[in-house]
Amino acid sequence: MKNFISVFPSALRYCIIEDSVPTITTKWNCKDIPEILCPNQNIKDDVLFISSMIDSLIKIFLISTLKNLFFLDFQMDLVLDQNYL
């Protein structure tokens, strides 16, 4: 395939409570994260991160269109295309 870019960002590490046990793991900021975080965790804006990443890719690789931009999140089985951005 010609002119194909693949990017694999990782979620940030958070302390979460699983089965009453604090665990450090990577986790995207989703609607349930405030409920499972350990106390005093600072939740980051993943949407801002993804937007900044896209802006950087556009500038670095001189991308002129986003019509074929797709996202696949392996952790949450989420697939997004440019209509969600």
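Sequence-ordered 3J(HN,Hα) estimates for region 19-35 from the Karplus curve with 6.51, -1.76 and 1.60 and θ = phi - 60° stand at 6, 6, 10, x, 9, 8, 8, 7, 7, 6, 6, 10, 4, 8, 4, x, 6 Hz, glycine and proline given as x. For region 54-64, 3J(HN,Hα) computed residue by residue from phi via the Karplus equation (6.51, -1.76, 1.60; θ = phi - 60°) reads 4, 4, 5, 4, 4, 6, 5, 9, 6, 7, 9 Hz, glycine and proline entered as x. For region 5-55, the solvent-accessible area works out to 71 Å² per residue, with a probe of 1.4 Å and every protein chain left in place.
A simple spin-label model places the labels of Phe8 and Ser20 3.7 nm from each other, with each point 7 Å out along Cα-to-Cβ.
The values are calculated or read from the model by the stated rules, or taken from the named source; none is laboratory data. Just so you know, these numbers come straight off a predicted model, no measurement behind them. So basically every Cβ, Gly included, is an ideal-geometry build from the backbone, and we count neighbours across all protein chains shown. Side chains are part of the model used for accessible areas, which takes the heavy atoms of the whole protein and leaves out ligands, DNA and RNA. Shrake-Rupley method; radii C 1.70, N 1.55, O 1.52, S 1.80 Å.
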